[in-house]
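Read through the structure below, which is laid out as structure tokens, and then see the notes.
The values are calculated or read from the model by the stated rules, or taken from the named source; none is laboratory data. What you are looking at is a predicted structure, and each value in this text was computed from that prediction instead of being measured. Note: ideal-geometry Cβ built from the backbone for every residue, glycine included; neighbour counts use all protein chains shown.
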Amino acid sequence: MIAKKDELLQVEQEFDVLLCWMDNKPLKAGNKYILQHNCKTIRSVVKNIEYKLDVNTLQKEYDFEKIGLNDVIRATIKTAAPLAYDTYKTLQENGGAILIDETSLVTVGACMIQ
């Protein structure tokens, strides 16, 4: 990626995301997916789930049973190789990503990198 020297990108293998789950199969920490960030695809794992966000009240739920369709969560994702990105708040075009199921190649999640 090309960036100005005073606006350098973050390069990490592990980062936090707000994720909207878009699959009927529940999300579980430890599941592996393909992360697509711009035109780059990279193997990744949802390392842990910090909380689930109640979309009606915006309250954080730390005690939840499962993550299902249309749930919004804060999670940590670890990638197989370093990824250059901006946070979604800084630059939306470079701070968003999607999760793709490795076997069906269906998009299962939309991420905003924190």
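Quick look at the numbers
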{"quantity": "Selection within region 76-112 - among the small types (Gly, Ala, Ser) and under 15 Å from Val11 (Cβ atoms)", "calculated": "Ala80, Ala81, Ala84, Gly95, Ala97"}
{"quantity": "Test: residue in region 35-48 that is touching a residue at least 24 places away in the same chain (Cβ under 8 Å), touching a helix residue (DSSP H, G or I) at 6+ places or on another chain (Cβ under 9 Å), surrounded by fewer than 16 Cβ atoms within 10 Å (Cβ to Cβ) and not in a strand (DSSP E or B)", "calculated": "yes"}
{"quantity": "Checklist (1) surrounded by fewer than 16 Cβ atoms within 10 Å (Cβ to Cβ); (2) acidic (Asp, Glu); (3) at pLDDT 95 or above applied to Glu93, failing item", "calculated": "(3)"}
{"quantity": "Boolean, Gly96 is small (Gly, Ala, Ser) and under 12 Å from Ile113 (Cβ atoms)", "calculated": "yes"}
{"quantity": "Condition check for Glu65: free of Cβ contacts under 8 Å to residues at least 12 places away in the same chain and among the acidic types (Asp, Glu)", "calculated": "yes"}
{"quantity": "Unique residue being touching a Phe, Trp or Tyr at 6+ places or on another chain (Cβ under 9 Å), more than 21 Å from Met1 (Cα to Cα) and of a type in the set (D, E, K, R) when the list is Glu102, Glu12, Glu65", "calculated": "Glu102"}
{"quantity": "Residues of region 71-100 classified as in a helix (DSSP H, G or I) and acidic (Asp, Glu), total", "calculated": "1"}
{"quantity": "Filter result (modelled with pLDDT of 95 or more and part of a loop (DSSP other than H, G, I, E, B)) within region 9-27", "calculated": "Met22, Asp23, Asn24, Lys25, Pro26"}
